[in-house]
Every structure is written in C-alpha cells, then in structure tokens.
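Shown next, in structure tokens, is the structure this report addresses.
The values are calculated or read from the model by the stated rules, or taken from the named source; none is laboratory data. Computed from a prediction, not measured in an experiment: that's the story for all the values here. Cβ placement follows ideal geometry from the backbone for every residue including glycine, while neighbour counts extend to all protein chains displayed.
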C-alpha cells in the first residue's frame with residue numbers, strides 16, 4: 001500500500017500530525033518504536049504532573065487547618081501514587097490509539113528506517129522486516145536524556161526521570177544533578193514527601209531560560225521548604241553515593257541515598273526546518289524535539305499542525321513568538337515572551353510592571369500565606385513583550401498573556417478586555 005504520509009515517531013508531534021492528516025483525507029501511517037504518546041505521555045509531562053498533583057493534595061491536606069478544615073493522621077503511599085500515575089498513562093495512551101483508529105491512521109509498532117535521499121516514485125520505509133511506501137514523511141523522533149561524562153557515573157545506580165517515576169520507595173536523601181525544569185519539579189515532589197533534597201546546578205541560577213528574578217524567588221520559596229541549592233557548582237565525580245562538587249576552586253564531598261541525573265535532553269537527531277517545517281528535502285518535514293527549538297510538547301503540537309496544513313495546501317507559518325514555559329512546582333512558575341535578560345542582550349528598550357499575587361482576591365482566598373508575583377514587560381510603544389508569573393495557578397493563566405503577545409497586543413488593548421471576577425487571571429489586568 002502506498003501512503004500519502006508516513007510519520008516517524010508517535011509523540012505529541014507525531015500523533016497530532018497523524019490525527020490531523022487522517023481526518024483530512026490523507027492515507028497516513030504512524031511508526032512508533034515504544035509506546036504511543038512518546039516521552040511526554042509515558043515518562044515526561046503527564047506522569048510528572050500526575051505525581052506532582054498527588055504531592056500537592058498531600059501538602060494541602062497537611063495544611064488544611066489554615067482553611068478551617070481538620071485532617072488527622074495525614075499520610076501518603078508512594079506505591080499507590082505510582083499506581084495511579086500508571087493508570088492515568090494507560091488511559092491517555094488508549095485515548096490516543098482510539099483517535100488514530102477514528103482518523104483511519106495505520107499504526108505500526110517498531111523501529112522504522114528509511115533513506116530520505118533515495119526515492120524512485122515514493123519513499124520506502126522499513127519496519128519489522130516489512131517495507132512501506134509513502135509520498136511524504138514527517139520526522140518526529142523526539143529527544144533523549146543527556147548523560148554527561150562524569151567520572152564514576154556509569155558505575156553508579158543513578159536515576160533519570162524514568163526511574164524516578166517508577167520508584168516506589170521514598171529515599172532518605174536525594175541529590176539532583178541539574179537545576180532545570182525536570183530537576184526542580186522532582187525536587188519539589190520529593191521534598192513534599194519528606195526527602196532531604198540537594199540540587200547541584202552549574203549555572204548561577206536555576207531554571208535557565210526563565211526570568212531570573214522569578215527563578216530566584218522560586219528558589220527562595222523552595223529553600224524555605226528545606227531544599228538545599230549549590231549554584232555555579234560543578235559535579236567533579238561520583239563514587240557510589242558520594243558526590244564530589246567544586247565551586248570557585250573549592251571542592252566538597254556530599255553524601256546521599258540516591259542520585260537523580262537531570263541535566264537536560266537532546267534531540268535524537270537535529271534537523272533544520274523552515275517556517276513550514278520542511279527540511280532541505282521539500283517532501284520531508286520535521287516536527288517536535290528534532291527541530292531543537294524548545295523541546296516542549298506544546299511546541300511540537302503546533303509544529304505538527306503547521307506541517308500537515310502545509311501538505312494540505314494551507315500556508316500557515318510556524319510562530320515561536322509566544323511559546324509558554326511552565327514549571328509545575330508548588331508554587332508554579334510560568335513564562336511567555338521575552339525575558340529582561342534576552343531584551344538586554346538584544347538591546348531593546350523596555351519597562352517593567354510588577355504586582356504581588358496577593359492583589360488578586362481569588363489568589364488570597366485559595367493560597368493562605370501564599371506569595372508570588374506577576375511581572376509584565378512592555379516595549380517603548382506599549383506592546384507587551386513578556387509576562388512572567390510566580391504563584392498558583394500560573395500554568396492556567398499564562399495563556400492569556402501568550403495570546404496577547406502572539407497577536408502583538410498593546411497594554412491598553414489588553415487592559416480594555418473584561419476579565420471575570422474573582423479570578424487569579426485578573427492579576428494580569430491589575431498589573432497592566
């Protein structure tokens with residue numbers, strides 16, 4: 001059978017492209033070597049948010065007296081938290097498979113191989129010793145965990161996010177190598193469960209790419225909860241459960257029950273794509289982590305939509321102007337648009353408006369003794385350039401700012417919009 005479109009990789013980019021293509025009449029085949037949903041659904045976005053929510057519920061129950069509610073003998077069962085995580089993943093994977101069936105997409109589980117330079121009439125893709133033909137291909141092969149060459153690491157039974165999400169025993173102490181999004185989310189999770197958490201980060205601040213002021217505020221909040229941070233610090237070596245670190249020429253030995261490696265992810269292959277997600281070969285498209293832009297699921301989804309729409313004859317270029325970034329700690333931090341650091345590097349003039357989250361009545365009513373800030377960056381002509389929020393539920397309200405930035409809205413235009421009251425999202429209008 002000859003397919004109109006073959007998609008390599010069944011993560012957010014792959015299954016989004018497959019569903020859209022199938023529903024629009026393209027005969028589509030999707031290849032996935034592991035499980036539908038990719039890293040995001042099986043060992044990334046969804047599993048981490050599921051366990052983080054359990055930790056949040058546990059924390060809320062412990063603090064229930066602040067809200068006039070009495071909860072006695074509050075405890076958790078990590079094995080049940082992990083079991084629920086697995087149930088959620090199975091349900092969502094089944095949902096994606098149902099979508100593929102509904103869209104008429106053929107799904108093949110296996111490692112697909114092809115030669116993108118070799119085409120007689122169609123491209124040939126080999127998988128499970130069978131050969132399939134397709135007129136066009138979308139590459140969505142995702143990313144993988146970075147394993148740095150730290151002496152002694154290979155000989156140590158360390159965790160990556162995959163092992164951390166399947167572990168059913170709470171370690172007494174946990175040393176996290178890397179203070180990026182994944183590392184900080186796990187730091188928040190295990191800290192809530194009572195683990196002594198230490199984070200070692202090479203950069204001068206955690207969460208590189210996020211507004212530094214808000215990153216520092218979040219770090220301060222996590223420090224108050226007992227998490228220990230070593231910034232501008234390099235891991236020299238690992239010896240079983242001993243980690244040697246160095247800062248400013250001074251070395252120190254840290255002991256821990258468990259090590260979690262979280263220094264980031266890298267594309268399985270790096271592919272350069274144009275604004276319509278086409279590679280140097282116009283019949284081959286690339287979407288998701290392989291483009292190397294942000295390694296975020298929502299970026300991948302939009303790239304997939306752009307690619308399939310282009311195949312269908314709709315020219316909607318990909319825009320990276322307003323890609324939100326979220327850290328699902330407690331409290332959450334979310335960011336979209338330019339940061340002060342980027343604007344300073346680019347030499348763009350701006351002004352900053354900030355307001356404590358406590359100016360939102362809804363925030364105060366739902367976050368007893370909670371703190372946070374809404375920070376809006378405005379250009380000289382009044383255009384909104386960036387919005388950065390620390391405080392729950394930043395992940396849900398950042399989309400308001402994202403739409404404004406994508407549409408090039410000015411402060412007065414957004415300020416004229418009617419926000420429902422009381423909502424935490426009103427903090428954006430208040431800050432303007």
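Here 131, 170, 105 are screened, and the one residue that is touching a helix residue (DSSP H, G or I) at 6+ places or on another chain (Cβ under 8 Å) and within 20 Å of residue 1 (Cβ to Cβ) is 105. From the list 36, 41, the lone residue that is crowded, with 19+ Cβ neighbours inside 10 Å and assigned to a loop (DSSP other than H, G, I, E, B) is 36. When residue 251 is tested against (1) at pLDDT 95 or above; (2) exposed (fewer than 14 other Cβ atoms within 10 Å of the Cβ); (3) at positive phi, just one condition goes unmet, and that condition is (3). Selection of the stretch 220-241 for residues being surrounded by fewer than 18 Cβ atoms within 10 Å (Cβ to Cβ) and modelled with pLDDT of 95 or more yields 220, 223, 224, 225, 226, 228, 231, 232, 234, 236, 237.
Could you list all residues from the stretch 358-383 that are loosely packed, with under 15 Cβ neighbours inside 10 Å and in contact (Cβ under 8 Å) with a residue 40 or more places away in the chain? Listed by number, the residues that qualify are 359, 361, 365, 366, 368, 369. One residue stands out among those in the stretch 410-430 that are under 17 Å from residue 338 (Cα atoms) and out of contact with any helix residue (DSSP H, G or I) (no Cβ under 8 Å at 6 or more places or on another chain): the one that is surrounded by the fewest Cβ atoms within 10 Å (Cβ to Cβ), which is 410.
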